[in-house]
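Since the structure comes first, as structure tokens, the remarks are kept for the end.
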Amino acid sequence: MVQFEYNKSIQEYTTFGVPVKAELFCTFSSVTELKEILSDKRVENKPQLILGGGSNMLFTKNFEGVVLKNEILGKTTLKETEKEVFIQVGAGENWHEFVLHCVSKNLGGIENLSLIPGNVGASPMQNIGAYGVEIKDVFSSLQALNLQTLEIEEFENEDCNFGYRESIFKNTHKGKYIITSVTFRLQKEPVFNTSYGAIEAQLNTMGVTEPSVKAISDAVIAIRTSKLPDPKEIGNAGSFFKNPVIDKKSFEVLLDKFPSIAHYPQPDGKEKIAAGWLIDQLGWKGKTIGEYGVHKNQALVLVNYGESEGRDIYNLSSEIIDSVKETYGIELEREVNIY
Ligand code: FAD
Ligand code: NAP
């Protein structure tokens, strides 16, 4: 029996914690339940929104439609070879708990992605990434319910058009599918990636000479805990903007004008510019307006210190985009999903 809640506050379901309501709200913990909800007369023709951990969204107004909270759980080992293990994970499982599950079994591949908030089902949405690893590196396939046909479809790695914080589900397929499970390919003898950011320095501080799945996960947890605001204490959705990737020619013009610009060459010859550097240079870091602002340690992270409205935080992001555009000629793109 489907249980709908009307005019429901969803403030506590998002990490930004802005005060908004959903016209209709319900949870589902199986594909059968989900299909039952979607076939219900009360839902027909209403806008639908899938909610995972709510850590990559900002509501600027109440949601006039139905918010469906995904609570599909379960981890199943589908296949094991000499070198790899394929695990199918319910979309409602917490991402970091799944990482810790793999760490406890000494399975490698996602240790660099420790402590990313949110659920497994959203991980392919923006091809979550950190410290030089993206889920596309360990992604085998996913199952998703087509909202038009109410049939389950399977997507292999190449079907997902994974890119830098991008996938088909954040673009052409946005709002058209509900991801119900994801299958990952984990390594029994992983090749570690410790050269990114502060991982090596942190391993040294911890006295680790031989990296392991557990040591790298611990190092990433330590760095992230020291640098990033905990959403339980300060509302935020991680990086609000993507790092822009620009062509070589435009980059050279920029470098000439701003020789200290933080940048990283890409395999295709383009250059990734650290958006946090651009925002920081313009004096935004640590800026507070009323109960919201830009985090003091990380210019990419917009924060809600109290009961701020989503619209105010959104307007602040527009001001930042305008000022970066004016000085550097670069149009920053929001990474956070806006509703
Ligand atoms: P939600 O915010 O609930 O949803 C995000 C989008 O996906 C929405 O459009 C939603 O409708 C859609 N969606 C959710 N579940 C499904 C589903 N099952 N099927 C279809 N659509 C769905 N991201 C990174 O990539 N790297 C990081 O290092 C990182 N660090 C972060 C640190 C902090 C402190 C915070 C707050 C966020 C960070 N993020 C990071 C962003 C965020 O945690 C990830 O994008 C995460 O995958 C979002 O998961 P979620 O379940 O919270 O998604
Ligand atoms: P950081 O290590 O201080 O680095 C700053 C920026 O430089 C990052 O955005 C990163 O790009 C880039 N960078 C650093 N070393 C690089 C290298 N060797 N090669 C290419 N690019 C490099 O960043 P941080 O803020 O502490 O975050 C650490 C990691 O966690 C990053 O990968 C970041 O993406 C991830 N993170 C993501 C979110 C989110 O919400 N999306 C939030 C917090 C942290 P990339 O971002 O492309 O890696």
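The values are calculated or read from the model by the stated rules, or taken from the named source; none is laboratory data. This structure is a prediction, so every number in the text was calculated from the model and none was measured. Cβ sites come from the backbone with ideal geometry, for glycine too, and all protein chains shown count toward neighbours. The accessibility values were calculated without ligands, DNA or RNA, using every heavy atom of the protein model including side chains. Shrake-Rupley method; radii C 1.70, N 1.55, O 1.52, S 1.80 Å.
Computed values, structure above
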| quantity | calculated |
| --- | --- |
| Most to least packed among 231-239, 219-227, 296-304 [average Cβ atoms within 10 Å] | 296-304, 231-239, 219-227 |
| Hypothetical label at residue 62: residues of region 1-33 whose amide nitrogen lies under 15 Å (7 Å Cα-Cβ projection) | 5-11, 19-25 |
| Distance-filtered residues of region 50-74 - backbone nitrogen under 14 Å, label point 7 angstrom along residue 105 Cα→Cβ | 74 |
| Percentage relative contact order, the chain, counting C-alpha pairs under 8 Å, at least six apart | 17 |
| Per residue, in Å², the accessible surface of region 235-338 once ligands and nucleic acids are set aside, probe 1.4 Å | 50 |
| Using θ = phi - 60° and Karplus 6.51 cos²θ - 1.76 cosθ + 1.60, couplings along region 324-335 (whole Hz; Gly, Pro as x) | 5, 4, 5, 7, 10, x, 10, 8, 5, 10, 6, 8 |
| Where region 82-148 is the region considered: accessible area per residue in Å², 1.4 Å probe | 32 |
| Contact order normalised by residue count of region 39-141, Cα under 8 Å, 6+ apart, percent | 22 |
| Label-to-label distance, nm, for residues given as residue 172 and residue 35 (7 Å Cα→Cβ offset) | 2.7 |
| Span from the region 77-129 Cα centroid across to the region 260-286 one, whole angstrom | 29 |
| Cα-based reach from residue 105 at 20 Å (exclusive), listing lysines while leaving out same-chain residues under 8 positions away | 75, 79, 83, 188, 214 |
| Protein accessible area in the chain, 1.4 Å probe - carbon and sulfur % | 47 |
| Loop trypsin sites (Lys or Arg not before Pro), region 1-102 (other Cβ atoms within 10 Å of the site Cβ: 16 or fewer; DSSP) | 41, 42, 61, 83 |
| The chain: calculated mean residue ellipticity at 222 nm from DSSP helix runs of at least 4, using -39500 (n - 2.57) | -7000 deg cm²/dmol |
| Heavy atoms of residue 71: accessible area, 1.4 Å probe, square angstrom to 10 | 80 |
| Gained length - residue 307 relative to residue 248, 0.36 nm times residue gap less alpha-carbon distance | 17.0 nm |
| Solvent-accessible heavy-atom area per residue, rounded to whole Å², over region 17-67 at 1.4 Å | 42 |
| Pairwise centroid distance, computed over Cα atoms, of region 45-71 with region 1-44, Å | 8 |
